[in-house]
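Inspection log for the structure reproduced underneath, given as structure tokens.
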Amino acid sequence: MCRRLVEYGGRGVSVRQLGGNRAGEMRIARFLHNPKVTHRAMLKAALAGTCARVVGRHVLAIQDTSALRINEKGMGLSFNPVLAVDANEGTVLGLVDNFFLSRKDGERASHKDRAFADKDSRRWLSGAESASALIEAGAACVTMIEDREGDIYECFVFNPAGVEKLVRAAQDRRLSDDTSLFSKADSWKEAGRMMVDLPAAPGRKARQAELSLSLGEVEILRPKHRSVGKDQLPEKIAVRLVIAREINAPKDEEPAIWFLITTHQVNDIADARRVVGFYRARWTIEQLFRTMKTKGFDVEALRQEEDGPLENLVTAILIAAVKVMQLVAERDGKARRPLADVCDPADQPALERVCKTLEGKTAKQKNPHDKGSLAFAAWVFARLGGWNCYYGKPGPLVMLRGLTQFHAIKHGWNLRDV
């Protein structure tokens, strides 16, 4: 099914289309409804593939939540994947886990009166626990990367051993020195600066920004409002804080400011810049969501029923979208990964023939990668997707369009002797 999803992903997804004919449609429908087929089993297989690629690497385990079916009341189904990315190269290593969140009408119990284990926010700690499997698989280091929703006191307290944590602060927490977290932006001296590329966001155009950095250690006090399980939480925890504040922001633009809390040691400006770099890698998962949604697999248009079929199909799409991201990550050939990591090795003859039709006369228009490598295939898919070799680098949507186009060509290739 994953292969069929990759083939047709650029045109959206439907069971009828994936099946190819009535018999194929029925096979896929039976697969999705089979009680022996579970998304947990699919994720376990995906994790095994990821673990095989992490040995000796510093891995960023990036997690975030995205809506799948949400109504105006905020009820419906969301999903929270955990993605493994190489901390030094930025290459996508694979999927670690995924959690589905189902919020239904009538579930109005007070948030404060529920134990942490019973809250949806428990998923952030569950993601870190899943990432600990990468340490067991031989990763040199694993850092959990989260945006503001992951700023939860319990997640720091119960963070699994061996997994570092880095989260953007969501609230102005009380500190043991009778100050607050956000007040440090005005009281700490600048330690240095760095230039970063800020991606586009709602109300903000993409731009290059100069960040002023300050750093230090703080002790965060236990939140006052905890009414359940309070006796299991320490009065305070020590963490490191990196404050990245944009200077000289464009006129009429809100300056970027990030309060980054981490368990990593941050002793100097080099460490602070490294932490900011780790946090910026979080946007990789936003690219994954774009690939899965309207402009890619169109996962939001799925009409399968929940509690089994929908979750199974979304998981299969998630695994296929990660393969597209792996192609994007290997477009420069940095990791020297083989074709078989993502594609069928039997596709190599067709890839080589198609490549000849795409190459031009100049050096820039030649495929620079070794035949049989994943980078060679990524170059072909990018060209088919509309990349012209000169401007920018191909992203996931370009790669998915090209991959879909290649499979249409391959279909004709397979019919050549019929």
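The values are calculated or read from the model by the stated rules, or taken from the named source; none is laboratory data. What you see is a predicted model, and the numbers here were worked out from it, not measured in a lab. Note: ideal-geometry Cβ built from the backbone for every residue, glycine included; neighbour counts use all protein chains shown. Just the protein is used for accessible areas: all its heavy atoms, side chains included, with ligands, DNA and RNA removed. Shrake-Rupley method; radii C 1.70, N 1.55, O 1.52, S 1.80 Å.
Between residue 136 and residue 67, the distance separating the two model label sites (each 7 Å from Cα on the Cα→Cβ line) works out to 3.6 nm.
Projecting the Cα atoms of 277, 289, 260 onto the charge dipole of segment 246-296, computed from C-beta unit charges around the Cα centre, puts 289 farthest toward the positive end.
Taking square-rooted eigenvalues a ≥ b ≥ c of the alpha carbon gyration tensor, is segment 39-182 rounded, prolate or oblate, where a/c under 1.5 means rounded and, failing that, a/b exceeding b/c means prolate? The partial results should precede the final answer.
On the way: a/c = 2.12, a/b = 1.24, b/c = 1.71.
It is oblate, given that a/c is not under 1.5 and a/b is not larger than b/c.
Modelled label positions at residue 336 and residue 286, each set 7 Å beyond Cα in the direction of Cβ, lie 3.4 nm from each other.
Surface composition of the chain: carbon and sulfur atoms hold 48% of the protein heavy-atom accessible area at a 1.4 Å probe. Just need log10 I(q)/I(0) for segment 283-341 at q = 0.12 Å⁻¹, Debye formula, equal scatterers on the alpha-carbon atoms, no solvent, rounded to two decimals. Each listed q corresponds, in turn, to -0.35.
Label zone of residue 248 (point 7 Å out along Cα→Cβ, amide N under 17 Å): in segment 205-224 this covers 207-213. The GNM of the chain, with springs linking C-alpha atoms under 10 angstrom apart, assigns the highest mean-square fluctuation among 242, 82, 96 to 242.
What's the extension gain from residue 189 to residue 267 if we count 0.36 nm per residue and subtract their Cα-Cα distance?
Difference between extended and current length: 26.7 nm.
Write down the Kirkwood hydrodynamic radius of the chain, to one decimal in angstroms, obtained as one divided by the mean of 1/r over all alpha carbon pairs. Result for the chain stands at 23.2 Å. Entry comment: accessible area of the chain is 48 Å² per residue, from protein heavy atoms only and a probe of 1.4 Å.
Using the Kyte-Doolittle scale, find the helices of the chain whose mean hydropathy is at least -0.5 and whose Cα atoms extend 27 Å or more along the helix's long axis, counting only whole DSSP H runs. Please list the in-between numbers first.
Details: long enough: 309-329 (30 Å, 1.59).
Answer set is 309-329.
Exposed loop sites here are chymotrypsin sites (Phe, Trp or Tyr not before Pro) assigned a DSSP state other than H, G, I, E or B and surrounded by at most 11 other beta carbons within 10 Å; excluding them, the longest clear run of the chain is 1-389.
Report the paramagnetic label zone for residue 207: residues of segment 245-287 whose backbone N is under 14 Å from a point 7 Å from Cα along the Cα-to-Cβ axis. Flagged as within label range: 246-257. Gain on full extension, evaluated as 0.36 nm per residue between residue 303 and residue 257 minus their Cα-Cα distance, stands at 12.6 nm.
Could you work out the longest stretch of the chain that avoids the trypsin sites (Lys or Arg not before Pro) located in DSSP loops with at most 10 other Cβ atoms within 10 Å? Longest stretch, sites excluded: 109-188. Note on the chain: GNM, Cα springs under 10 Å; of 201, 321, 363, the largest mean-square fluctuation is that of 201.
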